[in-house]
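Chemist: There's a structure below that I have some questions on.
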Amino acid sequence: MARRGLTVQPFKKGPDYIDPLWLGRAAGKACINLDFFTMSHEEIKRSFEARSIRSDISLIEGNKGLFDGLDVEGSDSNAALAKMLSAPVVLVIDTVGITRGIAALINGYLDFDRDVDIRGVILNKVGSSRHESKLRAALEHYTDIEVLGAVGRNTALQIPERHLGLIPANETEDADATVARLATAVSDAVDVDRVIEIAALPDSEASAATITQADRVSPDIRIAIARDAAFGFYYPDDLDAFAQAGAELVAFDTLADARLPEVDGLFIGGGFPETHLPALAANRSLRNDIRRKLAAGMPAYAECGGLMYLSQNIRWHDEAFEMVGTIAGDVVVEDRPQGRGYVVLKETGLGLWPASSSAPGECGGRIPAHEFHYARLDLNGAAPVYAYDVVRGEGIDGQHDGLVVGDLTAGFTHQRNTSANPWVNRFVAFVREREAAT
């Protein structure tokens with residue numbers, strides 16, 4: 001669709017970072033997460049409408065199956081999201097090992113919830129033209145579903161995976177070539193024109209006048225953000241929130257830059273530092289610069305991969321590499337997940353960031369978030385101070401997260417800036433407070 005000159009706005013249901021990096025790369029436009037666990041229904045609607053109104057077409061990639069979710073009644077499923085946004089649904093079905101049974105499968109989807117507007121199916125991983133003919137014949141005979149295309153089984157269309165899923169687009173040198181290869185395959189096999197027709201719903205009642213965007217203010221502080229092959233897990237709307245809070249984000253490269261830019265604070269998000277350990281360790285000048293500045297009181301926040309980078313060492317596959325050393329502890333990357341799924345945090349009262357009494361979810365309230373890490377942190381030395389108790393999830397030790405070291409808060413949990421947890425505003429206020437005090 002982007003090749004045709006359309007402005008495509010991609011969305012991803014759920015908290016995932018990796019799929020959105022690929023979707024954003026394909027669309028040429030940042031992919032936005034829509035997540036029932038961390039966002040209210042109104043926030044999801046506002047986010048979808050505000051982004052869609054500036055685009056020709058919006059595409060939402062689901063997570064898991066159409067009707068899957070935490071709730072047995074499906075209130076957090078892809079189907080629930082489709083109904084809430086009045087979005088037609090196109091099913092993509094893996095057809096390996098199935099022929100006539102495709103009809104029973106599709107009829108099951110059509111009958112399960114008739115309020116879901118399922119408009120067509122794309123057959124995926126089709127073995128041969130004969131296999132495709134059998135699938136189409138079964139669907140034509142037993143169902144009313146429209147077949148929008150059939151993509152053949154082809155290993156050249158696979159994106160390599162490793163321990164936490166697909167290799168992200170930000171650390172794949174041939175990402176654009178991969179996207180081009182996939183685009184050609186889909187264009188050849190799928191009726192893209194018909195998919196566009198299906199998406200052409202009547203004009204939404206939402207308009208530019210009814211969708212309010214927060215005004216950006218002139219920045220008065222600068223915050224360094226690690227953005228490179230090792231660190232790339234950031235929500236685009238969270239990054240927008242920094243600008244709306246009056247903070248300029250200044251990108252730096254942990255693999256190549258000799259020192260931090262001139263900034264007032266530091267933010268290192270998630271990523272895969274374990275796959276770049278030799279290069280991270282070799283950049284001693286940057287590691288030393290970060291350690292000195294954090295020791296001197298620079299306010300900082302680090303999530304998951306950022307926490308790992310700020311530890312003393314990371315050990316993976318029986319090799320250990322020296323990292324920044326601000327956190328008195330070593331990270332060990334295991335073969336199995338140490339924390340995976342949605343998280344609920346509760347503030348301990350020992351955190352660094354100022355609370356806002358007007359914001360729901362703060363002042364000791366519960367914070368919805370998520371985690372996905374194979375790493376664990378083995379702390380050394382004095383008893384740790386934590387900003388959060390873990391109500392659900394694992395965090396650092398199964399009970400706590402948000403390790404406080406000086407003016408640094410670091411944890412395994414990934415936070416999302418929402419009305420229930422406006423963490424960006426709180427962190428920016430903290431950086432501004434520390435800057436004013438110097």
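Chemist: Restricting attention to segment 307-323, and to residues there that are surrounded by 23 or more Cβ atoms within 10 Å (Cβ to Cβ) and touching a helix residue (DSSP H, G or I) at 6+ places or on another chain (Cβ under 7 Å), which single residue is nearest to N288 (Cα to Cα)?
Modeler: Here the residue is M323.
Chemist: Let me ask something else. Just give me the residues in segment 75-90 being assigned to a loop (DSSP other than H, G, I, E, B), more than 14 Å from F48 (Cα to Cα), touching a residue at least 40 places away in the same chain (Cβ under 8 Å) and within 21 Å of the chain's Cα centre (by Cα), in sequence order.
Modeler: D76, the sole residue that qualifies.
Chemist: Regarding segment 237-260, can at least one residue be identified that is touching a helix residue (DSSP H, G or I) at 6+ places or on another chain (Cβ under 8 Å), among the hydrophobic types (A, V, I, L, M, F, W, C), surrounded by 16 or more Cβ atoms within 10 Å (Cβ to Cβ) and part of a helix (DSSP H, G or I)?
Modeler: Yes, there is a match, as at least one residue in segment 237-260 is touching a helix residue (DSSP H, G or I) at 6+ places or on another chain (Cβ under 8 Å), among the hydrophobic types (A, V, I, L, M, F, W, C), surrounded by 16 or more Cβ atoms within 10 Å (Cβ to Cβ) and part of a helix (DSSP H, G or I).
Chemist: Give me a count of the residues in segment 132-189 that are hydrophobic (A, V, I, L, M, F, W, C), assigned to a strand (DSSP E or B) and in contact with a strand residue (DSSP E or B) (Cβ under 9 Å, 6 or more places away or on another chain).
Modeler: 4
Chemist: I'd like the full set of residues that are over 19 Å from A27 (Cβ atoms) and free of Cβ contacts under 8 Å to residues at least 24 places away in the same chain, limited to segment 168-193.
Modeler: E173, D188
Chemist: Looking at this structure, is L280 in contact with a Ser or Thr (Cβ under 9 Å, 6 or more places away or on another chain), among the aliphatic types (A, V, I, L, M) and either within 30 Å of Y374 (Cα to Cα) or assigned by TED's automatic domain parsing to the domain that holds G325 (or both)?
Modeler: Taking the combined requirement at face value, the residue satisfies it.
Chemist: Test each condition in (1) buried (at least 19 other Cβ atoms within 10 Å of the Cβ); (2) farther than 22 Å from A296 by Cβ for V428 and report the one that comes out false.
Modeler: (2)
Chemist: Can you say whether L66 is buried (at least 17 other Cβ atoms within 10 Å of the Cβ) and at pLDDT 95 or above, as far as the supplied structure shows?
Modeler: Yes; evaluated as a whole, the condition is true for this residue.
Chemist: Report, by residue number, each residue of segment 261-299 that is acidic (D, E) and either buried (at least 23 other Cβ atoms within 10 Å of the Cβ) or over 22 Å from L249 (Cβ atoms) (or both).
Modeler: Passing the criteria: only E274.
Per-residue answers, yes or no, for (1) within 30 Å of the chain's Cα centre (by Cα); (2) not in a loop (DSSP other than H, G, I, E, B):
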position	(1), (2)
G69	yes, no
E73	yes, no
G97	no, no
N107	no, yes
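Chemist: Go through segment 369-410 and give me each residue that's surrounded by fewer than 17 Cβ atoms within 10 Å (Cβ to Cβ) and of a type in the set (K, R).
Modeler: Across segment 369-410, the qualifying residue is only R392.
Chemist: Just to be sure I understand, how many residues within segment 69-84 are surrounded by fewer than 20 Cβ atoms within 10 Å (Cβ to Cβ) and under 20 Å from G120 (Cβ atoms)?
Modeler: Qualifying residue count, segment 69-84: 1.
Chemist: For residues in segment 214-236 being under 27 Å from M39 (Cβ atoms) and charged (D, E, K, R), which is surrounded by the fewest Cβ atoms within 10 Å (Cβ to Cβ)?
Modeler: By that ranking, first place goes to D215.
Chemist: All but one of (1) assigned to a loop (DSSP other than H, G, I, E, B); (2) of a type in the set (A, V, I, L, M); (3) under 28 Å from V179 (Cβ atoms) hold for I93; state the number of the condition that does not hold.
Modeler: Condition (1) is where I93 drops out.
Chemist: Taking the criterion of being touching a residue at least 40 places away in the same chain (Cβ under 8 Å), part of a loop (DSSP other than H, G, I, E, B) and surrounded by fewer than 15 Cβ atoms within 10 Å (Cβ to Cβ), would at least one residue in segment 41-53 satisfy it?
Modeler: no
Chemist: Checking S133 against (1) under 22 Å from the mean Cα position of the chain (by Cα); (2) surrounded by fewer than 16 Cβ atoms within 10 Å (Cβ to Cβ), which test does it fail?
Modeler: Here S133 clears every test but (1).
The values are calculated or read from the model by the stated rules, or taken from the named source; none is laboratory data. The structure displayed is predicted, hence computed values, not measured ones. Every residue, glycine among them, receives a Cβ derived from its backbone with ideal geometry; neighbour counts consider all protein chains shown.
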